[in-house]
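Encoded as structure tokens, the structure appears first; notes follow it.
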Amino acid sequence: MTQRVEKAVEILKNTGVRMTPQRHAILAYLLETMSHPTADEIYKALEGKFPNMSVATIYNNLRVFKDAGLVRELTYGDASSRFDANVAEDHYHAICTKCGSIQDFHYPYLEDAETAAKSIGFQATGHRMEVYGICEACQQKH
């Protein structure tokens, strides 16, 4: 088990959340993948190991993780949300308009956006930035 998973499990236990094998598997999958999966993608990745687990179980656990601050739900206007377990460090997303992949990137100057908002009397509670285009893999295909 990675340190990230161990730390997340400890956070959940401290908030009174009981760790089931399914919950642990969902959490580990989220923390070890950088693909920003949908609930259906998580289900498909884990259904072989947990054949009795339902998509509802995935959604319920994602809500628990979200409430604990371990996961951020990303909505992009389509029907399905994606989930990002990299909430510990500020980062932004590059989204491919061809294949839908999402990649994290860092740009330190954007961290000043909330400070800049204060200059107009705005109390920021967070911010999100996305760049849309074509990923390297899709560029190489065409």
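What follows is calculated from the coordinates using simple rules that are stated; it is not laboratory data. Just so we're clear, the structure is a prediction, and the values are computed from it rather than from any experiment.
Computing Rg and the Kirkwood Rh from the Cα coordinates of segment 28-69 gives a ratio, Rg/Rh, of 0.95. Compute the distance from the alpha-carbon center of segment 87-142 to that of segment 1-49, in whole Å. One Cα centre to the other: 24 Å.
The phi-based Karplus calculation (6.51 cos²θ - 1.76 cosθ + 1.60; θ = phi - 60°) puts the 3J(HN,Hα) values of segment 45-60 at 5, 10, 5, x, 7, 10, x, 8, 7, 9, 5, 4, 4, 4, 4, 4 Hz, whole numbers, x for Gly and Pro. Given in Å, the Rg to one decimal and the Dmax to the nearest whole number for the Cα atoms of segment 3-84 are 12.0, 35. Compared with the dominant principal axis of the Cα atoms in the chain, helix 21-32 is inclined by about 30°. Pairs of Cα atoms nearer than 8 Å and 6+ residues apart set the relative contact order; for the chain it is 18 percent.
Per residue, the convex hull spanned by the alpha carbons of the chain comes to 152 Å³. Values of log10 I(q)/I(0) for segment 92-141 across q = 0.21 Å⁻¹ run -0.75, by the Debye formula with one identical scatterer at each alpha carbon and no solvent.
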